[in-house]
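A quick write-up on the structure given underneath.
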Amino acid sequence: MKPFREWDFTLGKYGTLCKVIRSSDYSVFTVADYHVDRELFDSGNSVILRHDVDRRPENAVEMSRIEAALGIRATYYFRAKKHTFKPKIITEIADLGHEIGYHYECLSDAHGNMEEAIADFEKKLAWFRELVPVRTICMHGSPLSKWDNRDLWSEYDFGNYGIIGEPYLSIDHGDVVYLSDTGRNWDCNSHNVRDRVRSGIRVEMQSTADLLEALATKQYGKLHILCHPERWAANIPTFVAQLIKDSLTNLVKWTLR
Ligand SMILES: [Zn+2]
């Protein structure tokens with residue numbers, strides 16, 4: 001482990017990441033935009049910028065403001081839980097031009113009961129749609145559950161709910177590099193129990209500095225970047241608390257694997 005690698009994950013560093021994406025002339029796509037204009041995505045250097053709001057939605061607001069100030073639109077997937085489903089925050093982020101989606105976990109919540117899960121999905125999708133339009137959804141990994149939430153779509157069709165995409169099922173990662181901040185690094189295979197994708201390109205990055213370098217030199221033409229807003233700290237006490245929490249989570253996941 002590189003010393004102090006973790007000091008990476010601050011909102012300041014995230015701002016630098018956005019600036020480099022901008023200055024390197026990558027076109028930034030929301031998940032919905034990727035599905036609507038696939039030809040445009042394929043035609044140049046493109047980044048899908050995705051956020052899963054698992055905790056601390058107020059951090060998502062900070063992040064969305066940084067992006068908006070740079071003219072970047074991203075996708076924010078919110079869990080429909082008491083601590084994350086905050087109408088004021090959701091509408092504020094949507095008003096900045098970002099896409100809002102539903103970060104569903106219906107199958108793990110229903111302990112594998114398909115009928116219960118789809119009824120729950122319909123109900124909660126409606127909660128979101130009372131606030132904002134929802135065109136894409138994304139499963140929550142639920143690392144401690146034995147149920148895989150995307151399996152809901154082996155039985156049902158999300159298209160019947162006016163949904164045009166699910167990153168784990170409908171993004172073609174054949175030539176798209178997938179990078180996630182899960183586990184406080186960008187190595188997508190070391191810590192993720194479930195939220196992995198089958199990408200044609202295997203990349204190992206240890207720090208945001210590596211990612212910035214790859215973006216600045218346009219090393220990869222197409223990327224799908226996942227950042228969890230709660231991992232990017234606004235101040236030092238939050239940073240230390242998150243570091244301890246992530247380290248413990250990594251330990252649990254490592255044990256599970
Ligand atoms: Zn999640």
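Structure values in brief
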item	result
Subset of segment 180-219 that is in contact with a Leu (Cβ under 7 Å, 6 or more places away or on another chain) and within 16 Å of the ligand (Cβ to nearest atom) - its residue that is modelled with the lowest pLDDT	VAL193
Boolean, VAL20 is away from the ligand (no atom under 16 Å from the Cβ), farther than 22 Å from GLY141 by Cβ and in contact (Cβ under 8 Å) with a residue 40 or more places away in the chain	yes
Whichever residue in segment 153-166 is touching a helix residue (DSSP H, G or I) at 6+ places or on another chain (Cβ under 7 Å) and either at pLDDT below 95 or within 21 Å of GLU99 (Cβ to Cβ) (or both) and, among such residues, is surrounded by the most Cβ atoms within 10 Å (Cβ to Cβ)	GLY165
Residue in segment 113-120 that is within 18 Å of ILE171 (Cβ to Cβ) and either surrounded by fewer than 20 Cβ atoms within 10 Å (Cβ to Cβ) or within 16 Å of the ligand (Cβ to nearest atom) (or both) present	no
Every residue from segment 143-152 that is under 23 Å from THR30 (Cα atoms) and open to solvent by less than 30 Å² (accessible area, probe 1.4 Å)	ASN149
Residue within segment 48-58 that is under 17 Å from LYS124 (Cβ atoms), open to solvent by less than 40 Å² (accessible area, probe 1.4 Å) and basic (Lys, Arg) present	no
Test: residue in segment 65-77 that is within 15 Å of the ligand (Cβ to nearest atom) and of a type in the set (Gly, Ala, Ser)	no
Residue in segment 2-10 that is at pLDDT 95 or above and open to solvent by 30 Å² or more (accessible area, probe 1.4 Å) present	no
Residues of segment 121-147 satisfying the condition of being modelled with pLDDT of 95 or more and more than 16 Å from the ligand (Cβ to nearest atom)	GLU122, LYS123, LEU125, ALA126, TRP127, ARG129, GLU130, LEU131, VAL132, PRO133, VAL134, ARG135
Residue among GLU39, GLU58 that alone is acidic (Asp, Glu), farther than 18 Å from ARG135 by Cα, out of contact with any Phe, Trp or Tyr (no Cβ under 9 Å at 6 or more places or on another chain) and in contact (Cβ under 8 Å) with a residue 24 or more places away in the chain	GLU58
Condition check for THR84: within 25 Å of ILE225 (Cβ to Cβ), more than 12 Å from the ligand (Cβ to nearest atom) and of a type in the set (S, T, N, Q)	no
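Listed here are the residues, each with its yes/no results for (1) among the aliphatic types (A, V, I, L, M); (2) without any contact (Cβ under 8 Å) to a residue 60 or more places away in the chain; (3) open to solvent by less than 60 Å² (accessible area, probe 1.4 Å).
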| position | (1), (2), (3) |
| --- | --- |
| GLY71 | no, yes, yes |
| LYS82 | no, yes, no |
| ILE89 | yes, yes, yes |
| ALA94 | yes, yes, yes |
| TYR102 | no, yes, yes |
| LEU125 | yes, yes, yes |
| HIS140 | no, no, yes |
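The values are calculated or read from the model by the stated rules, or taken from the named source; none is laboratory data. Source: prediction; values computed, not measured. FYI the Cβ positions are ideal-geometry reconstructions off the backbone, even for glycines, and counts take in every protein chain you see. Note: areas computed on protein heavy atoms with side chains; ligands, DNA, RNA excluded. Shrake-Rupley method; radii C 1.70, N 1.55, O 1.52, S 1.80 Å.
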